[in-house]
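As structure tokens, the structure follows; a few thoughts come after it.
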Amino acid sequence: MTAPGARSRPAGPPGAESAEGEPVDGGSGGDGGSGGGRGWSLGREFGLFWTGQSVSLLGDRLTVFVVPTLMIFVLDASAFEVGVVAMAQYLGIPLLGPVAGVLVDRWDKRRTMLACDLVRFAAVAAIPVAYWLGVLSTPLLFACVALISGATIFFNVGYLVAVPATVPEDRLVRAYSRLEGSRTVAEVTGPSIAAGLYHLLGAASLLVDAASYLVSAACFRRMRPWGARTAQEGSIRSRLLLGFRLNWADPVLRRVVAAAVTLNSGGPIFVTVLPVLAYEGLGVQVGVFGAAMSAAAAGAVLGALAAPRIGARLGLGRTMAWALLLHNLAGLGVLAAPALPPALVIGVTIGCYGFFMSCINVCSAPIRQSRMTAENQGVMHAAFRTATWGVIPLAALAGGWAVTLLTDDLGVLNAARVVMAGGTLLAALSFLPALRIQPLMDRAAEPALAGRTP
């Protein structure tokens, strides 16, 4: 939830956990998006940051699309193997997540994020090189994806510090909206571009994503220094424990954590199995799948634009709760295939899935940031990611394993449909803990409102 935004998630189609955006207020909903030079109106530093992220997000869609495609068509991988590599995308979160927040708080954050971009460049570039050398394999893909994941964990801790460090507080919502807009635009254009480049270049198309990391690193290099290391009281262990205590002690944060854990217990099953359903179950061609995913991602763009207005009217907590329910119920649309044209089913289903995921992303980060002081943001976010994303590797692995287990009896099509529906229904339970978020936020705001004079 996380948005998986920032390149907060290493992979996943539209609707996967993404960058954690922040909403704009009701009057600035049109500021979302990545077109033109509007990001630079927020200042040079944010303009560089926003430019680097917009380019790298577009490149990232190539890896998201190409890695499972290579596995299925080049390596003839099973659904279980696809699940194993999907697990690698998030394996570092429970292993590195707790310590990442503490360490990044103590490091120079700009330099840390630049170094993470260089590590990810090397890991992505290694995949086509291995293909050309004839040594590409599932274990090698697992290692490369795990390395990308580890670097991304450290990058993401700095990401939520980078935005408030590069724009004034009164422009934060506009900045987050533009970053969320860039992510959704990348999801609209990315799959079609990825499918076309894969058709022309095969594994070499991943070099475009590798180059995008270099662009991002260059933008960090040109920025003025910010995010200098800060002295933190207490040991690393005490700071780690503090992050978990902060998330548990606050009733709003506790419910956000519970909702995210439930969402991430079922959502990755859907995301992991989707390429298996499309390619092996429904016989969809690479180009058709890419086009369907691009058309579907338009829903995510609409969600990023609509969420600020919905949040302003209903409240962030209430918007997040209903978006969680509708996001998951939309996933049941895959059951309409193959009775209806597969490309249409995938496009409409994931379009709705992405619309509500954007609403979740736009509401999640500001809710959490509003509950925490600046000096504890790093450990709070790191603990949140560890608790909520730590279940994703198991969910991804379980999705691939379940399809493999059921295929002999049901066939790959029905096995994929059953597993995706089950994961979606499990994730829909995230609606229940989220229901209390808005009432708790309203109750906390009442004393402040009562103290105001008309």
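May I ask you to work out the translational diffusion coefficient for segment 230-338 at 37 °C, viscosity 0.692 mPa s, via Stokes-Einstein with Rh from the Kirkwood sum over Cα pairs, reported in whole µm²/s?
Details: Rh = 17.4 Å.
Once the numbers are plugged in, D ends up at 188 µm²/s.
In what sequence do D108, D117 fall when counting other Cβ within 10 Å, fewest first?
D108, D117
With each label point set 7 Å from Cα along the Cα-Cβ vector, what nm distance links W132 and D76?
Placing both labels 7 Å along Cα→Cβ, they lie 2.6 nm apart.
May I ask for the Rg/Rh ratio of segment 68-197, computed from Cα atoms with Rh as the Kirkwood radius, given to two decimals?
Details: Rg = 17.2 Å, Rh = 16.7 Å.
So for segment 68-197, dividing Rg by the Kirkwood Rh gives 1.03.
Go through 137-145, 323-331, 404-412 and give me the packing order, highest mean Cβ count within 10 Å leading.
323-331, 137-145, 404-412
For every other residue with a beta carbon closer than 13 angstrom to the beta carbon of G399, add +1 if it is Lys or Arg and -1 if Asp or Glu, then tell me the sum. Don't skip to the end; give the middle numbers.
On the way: positive: R417; negative: E81.
Overall, the nearby charge balance is 0.
If eta is 1.306 mPa s and T is 10 °C, what Stokes-Einstein diffusion coefficient results for segment 272-429, Kirkwood Rh from Cα pairs, in µm²/s?
93 µm²/s
Can you compute 3J(HN,Hα) from phi for each residue in segment 435-444, using the Karplus curve 6.51 cos²θ - 1.76 cosθ + 1.60 with θ = phi - 60°, rounded to whole Hz and x for Gly and Pro?
4, 8, 5, 5, x, 5, 5, 5, 5, 5
What Kirkwood hydrodynamic radius do you get for segment 359-423 when you take the inverse of the mean 1/r over all pairs of distinct Cα atoms, in Å? Numbers along the way, then the final one.
Numbers: mean 1/r = 0.0692 Å⁻¹.
Kirkwood radius, segment 359-423: 14.5 Å.
All of the numbers you see were taken from the coordinates with simple rules; none came from a lab. None of the values given here were measured: they were computed from a predicted structure. Glycine also receives a Cβ, built like all others from the backbone with ideal geometry; neighbour counts cover every protein chain displayed.
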